[in-house]
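The values are calculated or read from the model by the stated rules, or taken from the named source; none is laboratory data. Computed from a predicted structure; not experimentally measured. Ideal geometry is used to build each Cβ from the backbone, glycine not excepted, and the neighbour counts take in all protein chains shown.
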Amino acid sequence: MVEELQYKEGKLFFSDVDLSKVKTPKFVFSKKQLQLTYTRVKEKFDSVFSKNKMYYSLKTNDFPFVIETMKELDSNFVIASVNEAKLVLKHGISPSKCLVNQPLYTEQDIIDYFELGFDFFAVGNEKFLGYIQKHAKKEICYLADIDLIAKEHTFSFSKDALPKLSKKFPKAKLIGLAFYVKTQNTDVFVWQSYIDKAIKIIEELKTKGIEIEFVNIGSGFPVEYNKSGLDGFLVIDRIKNTLAMLKDYSVILEPGRLIVASCVVLVAEVMLVKGNDVWINTSIYNSYLDTQIAKVKLPAISVKEQTKTKEYNVFGNSPCTLDVYFKDKPMGQVEEGDKIAFFNAGAYIFTTNFASNEEVSFDERSLGKN
Ligand SMILES: Cc1ncc(COP(=O)(O)O)c(C=O)c1O
């Protein structure tokens, strides 16, 4: 649902920005949409978990206007690098609002985090606990990133490693378990299997005198991309009974996509139409590389309100046959010179300057600048 994307007298607006007037190609940001979605996500998790703490996954979108809005909303942040730690500090966000969850740490990373004031970590390997033990000046609480489904490339803790850790690393206090299922995860059984296994491990740890308070289930809640029917809120409803199994624990959530996807649209102009094929004045490489990386097909609508829709194939303007936004998806009828708006474009905005074309930037007006 993108509440702020609405036709007014036949023209498409994103909050107060008239998309027909945007110089294309541009991203357009809506602060109001971000506020609305953040609140909706938070309320949803509050309705499912009596005890929970939500941390916004900063890597999903770290543009300054997003960070500032999240700060105003009093959000917590999960950060994945020392540079992200420095970024949140630059915005005046306290380290106490942050969980550091980085897959691999160097010794210098740990030294830097301590110097910057960060003291809550998710850690997946003994080697990194060794750095904490060596450099911590006080007890440090951490979540153990665990390998629940023997994955091919995991260095995370196996359950049998956990009971020995407190003796080996007395400065590091294990207070929770952490896992991340997968991006765009809609599979009820996958959720069930992970949560079942996590609870069994927690019960086993209890028999060994280790009390687990937090379970970090990460995220992977999907966003509806091009009529896929995969909406994170519906998925949460579908897995409600599974999530209820965590009622005895404080649940940590790290949503990214679900919070920020809807606050950005990408506006482009139609350069050429041939039957059902449409070419626009940017490419997936210069605007939204996640189309290729995560196979995300951004939904699009015509900026001019249309009563008739047609199934289109939309291609970018780069010299590459893989430059495809989507195929066979409905959109209001367009002609050359019309504009189209791709919505749910706010998560993982990776751009390149492929073919020496410009990386698409943000419409200044939508950022509150004129
Ligand atoms: C550990 C962790 N937390 C949070 C996220 C954010 O996930 P999503 O964008 O699916 O909400 C990711 C994404 O890869 C992740 O790896």
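Looking at segment 179-206, which of the residues that are part of a helix (DSSP H, G or I) and charged (D, E, K, R) is nearest to the ligand (Cβ to nearest atom)? Even if it seems obvious, please write down each step before you answer.
Filtering segment 179-206 down to residues part of a helix (DSSP H, G or I) leaves 188-206.
Next cut, charged (D, E, K, R) only: 196-197, 200, 203-204, 206.
Numbers: ASP196: 20, LYS197: 17, LYS200: 22, GLU203: 24, GLU204: 24, LYS206: 25 Å.
The selected residue is LYS197.
Kindly provide the set of residues from segment 48-68 that are free of Cβ contacts under 8 Å to residues at least 40 places away in the same chain and either more than 15 Å from the ligand (Cβ to nearest atom) or among the basic types (Lys, Arg) (or both), ordered by number.
Those that are free of Cβ contacts under 8 Å to residues at least 40 places away in the same chain and either more than 15 Å from the ligand (Cβ to nearest atom) or among the basic types (Lys, Arg) (or both): PRO64, ILE67, GLU68.
Report, ordered by the first and then the second residue, all pairs with beta carbons closer than 7 Å, sequence separation of six or more or different chains, a first member in segment 336-354 that is in the same structural domain as LYS26 (by TED's automatic domain parsing), and a second member that is more than 16 Å from the ligand (Cβ to nearest atom) and of a type in the set (D, E, K, R).
Listed by first residue and then by second, the contacts come to GLY337/GLU269; ASP338/LYS304; LYS339/GLU269; THR351/GLU359; THR352/GLU359; ASN353/GLU359.
Within segment 251-269, can you find the residues that are away from the ligand (no atom under 16 Å from the Cβ) and surrounded by 24 or more Cβ atoms within 10 Å (Cβ to Cβ)?
Within segment 251-269, VAL265, LEU266, VAL267, ALA268 qualify.
So which residues in segment 304-352 are closer than 14 Å to SER287 by Cα, of a type in the set (Ser, Thr, Tyr) and assigned to a loop (DSSP other than H, G, I, E, B), if there are any at all?
SER318, TYR348, THR351, THR352
Select from segment 121-175 the residues that are among the polar types (S, T, N, Q) and touching an Asp or Glu at 6+ places or on another chain (Cβ under 9 Å) and list them in ascending order.
Selection gives ASN125, THR154, SER156, SER158.
Which residue, of GLY130, GLY176, GLY209, is more than 16 Å from the ligand (Cβ to nearest atom) and either crowded, with 21+ Cβ neighbours inside 10 Å or outside any helix (DSSP H, G or I) (or both)?
GLY209
Results for (1) under 25 Å from PHE221 (Cα atoms); (2) under 20 Å from the mean Cα position of the chain (by Cα); (3) acidic (Asp, Glu), shown as yes or no for each residue.
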position: LEU5; (1), (2), (3): yes, no, no
position: LEU12; (1), (2), (3): no, no, no
position: GLU43; (1), (2), (3): yes, yes, yes
position: PHE77; (1), (2), (3): yes, yes, no
position: VAL100; (1), (2), (3): yes, yes, no
position: TYR105; (1), (2), (3): no, no, no
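Given the conditions (1) outside the structural domain of GLU358 (by TED's automatic domain parsing); (2) modelled with pLDDT of 95 or more, and given that SER50 satisfies all but one, which numbered condition is not satisfied?
(2)
For every residue, the table says whether it meets (1) surrounded by fewer than 22 Cβ atoms within 10 Å (Cβ to Cβ); (2) part of a loop (DSSP other than H, G, I, E, B); (3) without any contact (Cβ under 8 Å) to a residue 12 or more places away in the chain.
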| residue | (1), (2), (3) |
| --- | --- |
| LEU34 | no, no, no |
| PHE45 | yes, no, no |
| LYS86 | yes, no, no |
| PRO103 | yes, yes, no |
| GLU115 | yes, no, yes |
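Just give me the residues in segment 188-206 being under 24 Å from the mean Cα position of the chain (by Cα) and surrounded by 15 or more Cβ atoms within 10 Å (Cβ to Cβ), in sequence order.
The answer is VAL190, TRP191, GLN192, SER193, TYR194, ILE195, ALA198.
In segment 239-286, which residues are in a strand (DSSP E or B) and without any contact (Cβ under 8 Å) to a residue 24 or more places away in the chain?
LYS274
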